[in-house]
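Structure first, then comments.
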Amino acid sequence: MLSRRQKHIFIKFFSMFSVVRGYNILIIVIAQYLVSIYIMAHDRPLKQVLFDANLFMLVLASAATIAGGYIINNFYDSEKDLINKPIKSRLDRLVSQNTKLSFYFVLNFSAVIMASYVSFNAVVFFSIYIFAIWFYSHKLKKLPFVGNLTSAILTITPFFAIFLYYKNFETVIFVHAIFLFLMISMRELTKDLENMKGDLLQNYQTIPIVYGEKVSKNMLTLLTLLTLIPTYLLLYRFEIGYMYLYFYSSTVLLLVFLLVLWKSKAKIHYLILHNILKFIIVSGVFCILLINVGLVLNRI
């Protein structure tokens, strides 16, 4: 049996894990390594990629920066989250705001230190990234279009760090990035539809609040159709191995998404749509393995 103090520590840890969304960070770390192995550095020996200290530091710096970003986002959205996510909000509030902010500064400082191991350019990159996340949470998040666009860019920025490190300019990488960017943009807009009640009460000028649900649905439909362009290119213009199964499946799911979208009227419907997009994005991370299922064995 756990003592009272141990239970208290465990609850605090679980609360902080919820604030920094540790599960999301784990997915991003896995994604960065899979992208490095299968896409960015596909021509290098596996051990060289896995045991690359510079890559490891970039991934850790990314994880620390993202965790800090979730904390500062949680800080600014605390009142809104009480309305939109009451259960999660109560769990997050088990850790004081002062503790969260202290941890925020420690994480960002650690990210810069880890980036300094790689290069001065990496320090500049993560310093700008940290500032951009804060500025988004403080100012840009409440603005229509600008907030959505900035959020999508910030989400894919950790992969841009890997891209700059390997300096791999193959066209297929940009096509993958466009697909991911469109999916994340759709997810951000769907979240806005899901969180309309809290956004309205807290005066967030999101697209659904300013322009209405119908315009938002039209935009989501357009974004869905745009995803077909990189999907087509990846299926018929590039060699992606068995990952074609993922893109065919994601296309089917997006058609389901559209059908549900135009029948959606309540928050629960938008939550379902959000989860469909989240499933497509997360499953895409692990489906990178399908690009070449024998790649790991061949490069050991």
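Read-outs throughout are calculated quantities, based only on the coordinates presented, and are distinct from any laboratory measurement. Note that the coordinates shown come from a computational prediction; the quantities given were computed from them, not determined experimentally. In this analysis, Cβ positions are derived from the backbone assuming ideal geometry, glycine residues included, and neighbour counts consider all displayed protein chains.
Key figures for this structure:
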{"quantity": "Residue order, fewest to most surrounding Cβ atoms within 10 angstrom, among VAL118, VAL20, VAL172", "calculated": "VAL172, VAL118, VAL20"}
{"quantity": "Calculated [θ] (222 nm, deg cm²/dmol) that DSSP helices of n ≥ 4 give over the chain, each run adding -39,500 (n - 2.57)", "calculated": "-26000 deg cm²/dmol"}
{"quantity": "For region 170-300: Kirkwood Rh in Å [reciprocal of mean 1/r, alpha carbons]", "calculated": "15.9"}
{"quantity": "Sequence-separation-based contact order of region 31-143, relative, with Cα cut under 8 Å and 6+ spacing, percent", "calculated": "34"}
{"quantity": "For region 235-252 versus region 128-195, the gap between their alpha-carbon centres in whole angstrom", "calculated": "23"}
{"quantity": "Cβ-based exposure ranking for MET57, MET40, in which fewest neighbours within 10 Å come first", "calculated": "MET57, MET40"}
{"quantity": "Residues VAL35, VAL123, sorted so that the one with the fewest Cβ neighbours within 10 Å comes first", "calculated": "VAL123, VAL35"}
{"quantity": "The chain: relative contact order in percent, alpha carbon pairs under 8 Å with at least 6 residues between", "calculated": "22"}
{"quantity": "Alpha-carbon Debye profile of region 1-102, log10 I(q)/I(0) at 0.17, 0.19, 0.23 Å⁻¹", "calculated": "-0.83, -0.92, -1.13"}
{"quantity": "Percent of Cα-Cα distances greater than 19 Å, calculated over region 92-215", "calculated": "61"}
{"quantity": "Among LEU189, LEU290, LEU273, residue whose mean-square fluctuation peaks in a GNM of the chain (springs only between Cα atoms under 10 Å)", "calculated": "LEU290"}
{"quantity": "Computed over region 170-300: relative contact order in percent, which uses C-alpha pairs under 8 Å that are six or more apart", "calculated": "33"}
{"quantity": "Region 46-60-region 254-289 distance, computed between alpha-carbon centres (Å)", "calculated": "33"}
{"quantity": "Unit charges on C-beta of K, R, D, E only; dipole of the chain, Debye", "calculated": "960"}
{"quantity": "Theoretical gain in end-to-end length, ILE9 to SER127 [0.36 nm per residue, Cα-Cα removed]", "calculated": "39.3 nm"}
{"quantity": "Helix runs (DSSP H) in the chain reaching 30 Å along axis by Cα, Kyte-Doolittle at least -0.5", "calculated": "53-76, 97-118, 171-194, 213-236"}
{"quantity": "Whether the chain is rounded, prolate or oblate, judged on the alpha carbon gyration tensor where a/c under 1.5 counts as rounded", "calculated": "oblate"}
{"quantity": "Cα-Cα P(r), region 19-167, percent of pairs per 10 Å interval", "calculated": "11, 38, 34, 14, 3, 0"}
